[in-house]
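Report on one structure; see the data block that follows.
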Amino acid sequence: MSLVTRCPSCATAFRVLPEQLSACNGQVRCGKCNTVFDGVAGLVENARAPAHADPPPARPESTQEPLPAFLAERPPPRPTLWWALVALAVLTLLAQAAFYYRAEIAAGLPMARGALEEACRALGCEMRLPRQVKLLSIDSYEVRPDPRREGVIVLNAVIRNRAPFPQEYPALQLTLTDEFNRDLVSRSILPHEYLEAGRARELLARGIEAGGEASFTLHFDASRTRATGYELVLFYPS
């Protein structure tokens, strides 16, 4: 099978064998102007070659020779190791997200809690209630002197859980300030310190129910300070 290519310099069309194009990476020399050019790029269809060039012998269409390898379309690339690495990275991120939000997943999908607990036992972690402090708020609180004990202040507060799932009781950070709003003393108060002593273990296991609230009263010795203000903040210890 011969092909017809055209010289870009003199526009001469002539026949060329596929073996010639393959051997020289497609480079051919024009017999008229002696220009070397890309014969593959110059291939033309239905072009008339010089009269003296012998036409290729006719043969039935069903027996036409296949295109040379350098002209045939390459098959689409198969999936490579790169795609496998991408899939592995995605699975790793999903596993990390499931580990970090395991408490929220267990609260939202109780059916998944058993599998998460099994995974935690294997990894040496623990299943706790969710700790989304942004979904907690202090609905009301007051700090007042204790009328029965000098230098002791009484803290009354109500914590509301605005999450659609139970949450762990938070810790409290109570800071007393002076008249210039400078910190005088600050104290962290853990849940077992402000919950009812006889029910602390039960309440800690159950947490603050979804949409529920928890109220408490706490006494604090401020006899060594001259506090005029105070601030109460919720947080979860790391």
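The values are calculated or read from the model by the stated rules, or taken from the named source; none is laboratory data. Just so we're clear, the structure is a prediction, and the values are computed from it rather than from any experiment. FYI the Cβ positions are ideal-geometry reconstructions off the backbone, even for glycines, and counts take in every protein chain you see. With ligands, DNA and RNA removed, areas are computed over all heavy atoms of the protein, side chains included. Shrake-Rupley method; radii C 1.70, N 1.55, O 1.52, S 1.80 Å.
Worth a mention:
- Loop-resident sites, segment 128-172, for GluC sites (Glu not before Pro), counting at most 11 other Cβ within 10 Å (DSSP): Glu150
- Each label was represented as a point 7 Å from its Cα along the Cα-to-Cβ direction; for Glu104 and Ala89 these points are 2.4 nm apart.
- Largest first, the residues Leu94, Leu176, Leu204, Leu129 sort by 1.4 Å accessible area into Leu94, Leu204, Leu129, Leu176.
- Cut-off 18 Å (backbone N to label point 7 Å along Cα→Cβ of Arg149), residues of segment 209-224: 216-224
- Extended-chain gain in nm, criterion 0.36 nm per residue less alpha-carbon gap, Val133 and Cys24: 32.0 nm
- Translational diffusion of the chain, µm² s⁻¹ [Kirkwood Rh, Cα pairs; Stokes-Einstein; 25 °C; 0.890 mPa s]: 94
- Cleavage-rule hits, trypsin sites (Lys or Arg not before Pro), segment 135-238, DSSP coil, Cβ neighbours within 10 Å at most 12: Arg148, Arg149, Arg182, Arg224, Arg226
- Max mean-square fluctuation residue, GNM over the chain, Cα-Cα springs under 10 Å, options Val158, Val16, Val185: Val16
- Sites matching GluC sites (Glu not before Pro) across segment 85-127 that sit in DSSP coil, with at most 14 neighbouring C-beta atoms within 10 Å: Glu126
- A crude spin-label estimate for the pair Phe235 and Glu118, with each label 7 Å from Cα along the Cβ direction, gives 3.9 nm.
- Look at where the Cα atoms of segment 5-28 and of segment 93-112 average out, and the two centres are 66 Å apart.
- Taking the inverse of the mean 1/r over every pair of distinct Cα atoms in segment 159-238 gives a Kirkwood hydrodynamic radius of 14.0 Å.
- For Asp183, Asp139, the ranking by accessible surface with the largest value first comes to Asp183, Asp139, using a 1.4 Å probe.
- Helical contribution to [θ] at 222 nm, DSSP H n ≥ 4, -39,500 (n - 2.57), averaged over the chain, rounded to 500: -6500 deg cm²/dmol
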